[in-house]
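A quick write-up on the structure given underneath.
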Amino acid sequence: MIHLDLVVGARPNFMKAAPVLAELRSRRPDWRIRLIHTGQHYDERMSDLFFSQLGVAEPDVNLGVGSGTHAVQTAQVMVALEEQFRAAPPNLVVVFGDVNSTLAGALVASKMQIPVAHVEAGLRSFDRSMPEEINRIITDTVADWLFTSEPSGETNLRSEGVPAERIRFVGNTMIDTLLKHRPTAEGLDMPARFGVSAGRYAVVTLHRPSNVDEPEALRGILAGLMEVAEVAPVLFPMHPRTRRRLEDRRVVELEAAAGITLMEPLGYLEFVGLMAAAGVVITDSGGIQEETTILGVPCVTMRANTERPVTLTAGTNVLAGTDPRRMVAEAIAALGEQRRSAARIPDLWDGRAASRIVDVLDEVFSRQGEPGTGC
Ligand code: UD1
């Protein structure tokens, strides 16, 4: 029997894996599919809630590794995964995105001669100070199957010497999830819950080490957000990393600032509902740049670069760099425009990326007959 292990670990992985898992389970009931959660994210609000809201069954295995330095976290996932793969060797390991669990899964599998498929391959920020960029490069170097989400993925992989036959442009599985759940999310009427009007508020997310681990950078961004809050309400669901970096005094000050609402991380549906009706989203996340493009909501990204350039060329994204003044100017301009952007939908962001991935896997295994020999 063909045996696939899907490895997930952190919040953005769950939305990317859910449609692939659903598609595999419905189309290939004869395959043994295991969902392995590394436990990189473990809070109810960072993990469990996503499984229930996305309709994903409990993971088959939870490795429970939790937080740590990059080396500790990655190494613990590797040790635990090696035991899993040794006890029940899969024919293919599927990893998603660019988090530490992605890298760990790809490394362990490739060293055990188990073929690896990478979903969201080929994205590059060309900024090696980002831990995710290192994860992306190494994962793609060892992967056998590279499923790309936008045209830049293939261009980057080809320039790194990856043979064309290993690359498949399938579209974006995170957008599969967004399109499926958007009506439910919008039905929650999130603006009413927070007493704000559609199109007249900002949503903020921040968690990149370069923004939140540097006190000076964080102070500048928070001061900028207070300026935006003078123009429109600012709703700020706070990632645990960011919350830990803020001194208590600063939290009290922010909470007291007129127009700023701090809150715990939201569930997926609540967050999508809030984004969909926002006047602007201010973020340093990768996935949110893509989601706002589909939702047609202006996005101001607090980074000097993006590994998702299609959100700039086709979508609603602008890069504000690390200068809070640019962020404030872009955000206030977007809030003033009060209209949905006429963004173009990137190619293959149509809700069928997972289906294309399963088409490829189906073809691979039927061609191989006896699986497990790589591609
Ligand atoms: C990770 C990913 C990042 C992704 C982000 C989404 C890497 C290198 N980074 O960053 O690409 O965009 O997830 O959230 O893999 N924490 C909790 N509860 C949790 C999880 C984390 O409190 O459930 C706290 C811990 O104190 C931890 C800190 O957040 O030390 C950072 O978590 P970690 O998984 O190391 O990285 P993220 O910043 O979440």
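The values are calculated or read from the model by the stated rules, or taken from the named source; none is laboratory data. Treat the numbers as computed from the prediction; the structure is a model and nothing was measured. Here the Cβ is made from the backbone with ideal geometry for all residues, glycine too, and neighbour counts use every protein chain on show. What goes into the accessible areas is simple: the full protein's heavy atoms, side chains included, and nothing from ligands, DNA or RNA. Shrake-Rupley method; radii C 1.70, N 1.55, O 1.52, S 1.80 Å.
Observations on the structure shown:
- Which listed residue is out of contact with any Leu (no Cβ under 7 Å at 6 or more places or on another chain) and under 24 Å from residue 37 (Cβ atoms), from 146, 103: 103
- Unique match (being part of a helix (DSSP H, G or I) and more than 24 Å from residue 349 (Cβ to Cβ)) among 155, 141: 141
- Qualifying residue in segment 200-212 (condition: without any contact (Cβ under 8 Å) to a residue 40 or more places away in the chain, within 25 Å of residue 281 (Cα to Cα) and not aromatic (Phe, Trp, Tyr)): yes
- Selection count, segment 163-186, where residues are β-branched (Val, Ile, Thr) and open to solvent by 20 Å² or more (accessible area, probe 1.4 Å): 1
- Segment 309-329, subset more than 24 Å from the chain's Cα centre (by Cα) and surrounded by fewer than 20 Cβ atoms within 10 Å (Cβ to Cβ), residue farthest from residue 345 (Cα to Cα): 325
- Annotation for segment 38-58: no member residue is touching a Lys or Arg at 6+ places or on another chain (Cβ under 9 Å) and within 19 Å of residue 90 (Cα to Cα).
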